[in-house]
Amino acid sequence: MQQQYPSRLLERSVQEFAKLPGVGRKTALRLVLHMLRQSDDDVEKFVSALSTMKKEVKFCRCCHNISDTDVCSICSDSRRDSSTICVVENIQDVMAIENTQQFKGLYHVLGGIISPMDGIGPSNLEIDSLVARVQEGGVKEVILALSPTMEGDTTNFYIFRKLADYDVKLSVIARGVSVGNELEYTDEITLGRSILNRTPFNGK
């Protein structure tokens, strides 16, 4: 039976909240009712924060991480090791690895992984820009830190092929991460060790 709402405005708000990942209509209703109980000032701050983020957030022109400036704070940090690039699927993975405090290099956010079933091919990802970074020189190692799934392995191999002609070491994070798991859901100790114990990637 479809939920009946006493207000069309309430129903519309619930429908919008329910579009968020992992949020069903019951949870959406709880969130909307919570917002309804807040002061006008608090609701305005909430709406303003989302609106400002959407309009003003940038993507780093070097690594494609989210940033408030054209170059993110990681890429612009002179204390980071610019000779090592860690390739990740998404921005959540950057945050997960940073939380381990075990990696001091730079990142490259692909924006996804190769998945023909979902219509995602190499041209839909930031692979060419990764190759361009290696071409510029100074990069000694590229760490492939993608989720150990079939799609992740396919993406690893594609990148391996694209970088085969360059004098750069390719490595993959140790398989302490369970098969099928996403990096953002892996505990920090396991993820940190998997980066420190990374192994050479030979395309097999």
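The values are calculated or read from the model by the stated rules, or taken from the named source; none is laboratory data. Computed from a prediction, not measured in an experiment: that's the story for all the values here. Cβ coordinates were reconstructed from backbone atoms using ideal geometry, including for glycine residues, and neighbour counts include every protein chain displayed.
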_Given (1) buried (at least 17 other Cβ atoms within 10 Å of the Cβ); (2) within 15 Å of the chain's Cα centre (by Cα), index of the condition residue 98 fails_ = (1)
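Can you say whether residue 92 is in contact with a helix residue (DSSP H, G or I) (Cβ under 8 Å, 6 or more places away or on another chain) and in a loop (DSSP other than H, G, I, E, B), as far as the supplied structure shows?
no
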_With the structure loaded, tell me whether residue 43 is hydrophobic (A, V, I, L, M, F, W, C) and either in the same structural domain as residue 148 (by TED's automatic domain parsing) or touching a Phe, Trp or Tyr at 6+ places or on another chain (Cβ under 8 Å) (or both) or whether it fails that test._
no
*Is it the case that residue 194 is surrounded by 17 or more Cβ atoms within 10 Å (Cβ to Cβ), modelled with pLDDT under 85 and touching a Gly at 6+ places or on another chain (Cβ under 6 Å)?*
yes
*Find the residue count for segment 95-104, including only residues that are part of a helix (DSSP H, G or I) and without any contact (Cβ under 8 Å) to a residue 40 or more places away in the chain.*
1
_Criterion first (more than 21 Å from residue 171 (Cα to Cα), out of contact with any Lys or Arg (no Cβ under 6 Å at 6 or more places or on another chain) and modelled with pLDDT of 95 or more) does residue 133 satisfy it?_
no
*Which one of the conditions (1) closer than 12 Å to residue 145 by Cα; (2) modelled with pLDDT under 95 does residue 95 fail to meet, given that it meets all the rest?*
(1)
*asked:* When you scan segment 111-124, do you find a residue that is surrounded by 11 or more Cβ atoms within 10 Å (Cβ to Cβ) and assigned to a strand (DSSP E or B), even just one?
replied: yes
